[in-house]
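The values are calculated or read from the model by the stated rules, or taken from the named source; none is laboratory data. Predicted model, so just to flag it, every value in this text is computed and none were measured. Cβ sites come from the backbone with ideal geometry, for glycine too, and all protein chains shown count toward neighbours.
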Amino acid sequence: MQEKIKHIYNLCLTGKATSADREELARLLSLPENELWAKDFIRQQFEEINNITDMQPESANAVLEAIFSLNKNDNHISPVIPMRKKKWVSTVAAAAILLVLFGSVGYFFLFDKPAKDIVNIEKPGNLYPENDIAPGSDKAILTLADGSKIELDSAAKGAITTQGSVTVINLNGQLTYNNKDQSGKNVLFNTITTPRGGQYQLVLTDGTRVWLNAASSLRYPTTFVGNERKVEMTGEGYFEVAHNAQSPFKVSVNNVEIQVLGTTFNINAYMDEAGIKTTLLEGSVRVLSGDKKVIIAPGEQANINKNSDNIFISKNVDIEGVVAWKNGIFYFENMPFDEMMRHLSRWYNLEVEYENGVPDIEFGGKMGRDVHLSKILEFFRKVGVQCRLEENEKKLIISRK
């Protein structure tokens, strides 16, 4: 059995392991009779890999400590096995594999820039507040055509209001519309807005499904009429558009328009991000920006910089990472620290402030979005990123020695 474990480990190390291989590896290492041997094997492999890298002892100790301090019963964390050619990443890439060896769950993995390194830190005192910050949840504000507002959450169930012939139904964090009159004589517009720390789903009257991420909004008619279906969005949304060749679906984001017939795509248009990204999963969409227009295929992403109308196309995009939020996951593969913190700040409704600049590190890995903030801050502490909460626990101060 031990030889089989070593064989699968070598497949992981060379990037040849399948998901079935990794699941089998986790199963074998979870057997009680293998626990002591596994721990010795992990330490030995880590030390052998670390001997051929430039990682400082403090860094190696921090990574190894993270491996052995995992909570095996935490099913909110998923393993990620990133493989890189750069020497300075090899230790952490291997550590990712070792995390899979140690149990069926994983953690974030730190990718330090070549000129930097993890610092050795002392155990802080009273680092986190007594009242931990819970993750975001299903909540939003529905603004009706007359300007009145209704608070939405997953607790409210059933019909919540009627607008003319349209009944608005809320059920399990999803809003739907039942329109008894399709004549379109009285078209009304609603807006659903998610706060920081919120998300919501809705089904439009044409059957199109929309997922809204935190700090986002969608303005839409309660019924679609004419030869087009048009909505306006801010923030981030995931769309599964109902097919209707006679009535194209259009999403307007700032000065950008996305046109589709029936397709699945994601739009990221937060104001604090560098550009507007439209990523296609299925079908075909046309992206228009000023006098520029392009058609993208599944697996491609159209990126429009806010300072120009130019549209840049990226091929073979990591779709899993783009739509991870919709599936309840944080996905931080090779993500700069400040970009990662923008994701976290929206979900935990935090203001982030850097005391001495943004830490020059990147993280890889994924984590469920249903974890409390303290779990993430504890990992930061392990890798040398100091942090504290201030001002009624809504401002996160980041520093690094």
**Report entry** Among the residues listed as Glu353, Glu362, Glu339, the single one being assigned to a strand (DSSP E or B) and either closer than 25 Å to Lys394 by Cβ or β-branched (Val, Ile, Thr) (or both)
**Finding:** Glu353
Report task. Please note which strands (runs of 3 or more DSSP E) are completely contained in the stretch 141-205 and include at least 1 residues that are touching a Pro at 6+ places or on another chain (Cβ under 7 Å) and either at pLDDT 90 or above or surrounded by fewer than 17 Cβ atoms within 10 Å (Cβ to Cβ) (or both). Result -> 189-194
Query raised in the report: Mind checking whether some residue in the stretch 352-361 is closer than 29 Å to Arg388 by Cα, touching a Phe, Trp or Tyr at 6+ places or on another chain (Cβ under 8 Å) and crowded, with 17+ Cβ neighbours inside 10 Å?
Result: yes
Query raised in the report: Can you name every residue in the stretch 143-157 that is of a type in the set (S, T, N, Q), without any contact (Cβ under 8 Å) to a residue 24 or more places away in the chain and out of contact with any Gly (no Cβ under 8 Å at 6 or more places or on another chain)?
Result: Ser148
Query raised in the report: So which residues in the stretch 235-252 are under 13 Å from Val210 (Cβ atoms) and either touching a Ser or Thr at 6+ places or on another chain (Cβ under 7 Å) or of a type in the set (Lys, Arg) (or both), if there are any at all?
Result: Gly235, Glu236, Gly237, Phe239, Glu240, Val241, Ala242, Phe249
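Taking the criterion of being more than 30 Å from Lys375 (Cα to Cα), assigned by TED's automatic domain parsing to the domain that holds Glu240 and in contact (Cβ under 8 Å) with a residue 12 or more places away in the chain, would at least one residue in the stretch 317-327 satisfy it? Step through it out loud before you land on a result.
Initially, the stretch 317-327 is screened for residues more than 30 Å from Lys375 (Cα to Cα), giving none.
Checked against the condition, which is being more than 30 Å from Lys375 (Cα to Cα), assigned by TED's automatic domain parsing to the domain that holds Glu240 and in contact (Cβ under 8 Å) with a residue 12 or more places away in the chain, the stretch 317-327 yields no hits at all.
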Query raised in the report: In the stretch 236-256, what residues are crowded, with 21+ Cβ neighbours inside 10 Å and touching a residue at least 24 places away in the same chain (Cβ under 8 Å)?
Result: Glu236, Gly237, Tyr238, Phe239, Val241, Phe249, Val256
Report summary line: In the stretch 210-239, anything under 20 Å from Arg369 (Cβ atoms) and acidic (Asp, Glu) is listed as Glu236
Requested in this report: State whether one or more residues within the stretch 378-392 are surrounded by 15 or more Cβ atoms within 10 Å (Cβ to Cβ), modelled with pLDDT of 90 or more and within 26 Å of Gly198 (Cβ to Cβ).
Outcome: no
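Please determine whether any residue of the stretch 182-194 is closer than 28 Å to Asp291 by Cβ and under 19 Å from the mean Cα position of the chain (by Cα). Walk me through how you get there before you give the answer.
Residues of the stretch 182-194 that are closer than 28 Å to Asp291 by Cβ, as a first pass: none.
There is no residue in the stretch 182-194 that is closer than 28 Å to Asp291 by Cβ and under 19 Å from the mean Cα position of the chain (by Cα).
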Report summary line: Phe380 fails exactly one of (1) in a helix (DSSP H, G or I); (2) within 21 Å of Asn213 (Cβ to Cβ); (3) free of Cβ contacts under 8 Å to residues at least 24 places away in the same chain, namely (2)
Query raised in the report: When you look at Gly262, is it out of contact with any helix residue (DSSP H, G or I) (no Cβ under 8 Å at 6 or more places or on another chain), assigned to a loop (DSSP other than H, G, I, E, B) and among the small types (Gly, Ala, Ser), yes or no?
Result: yes
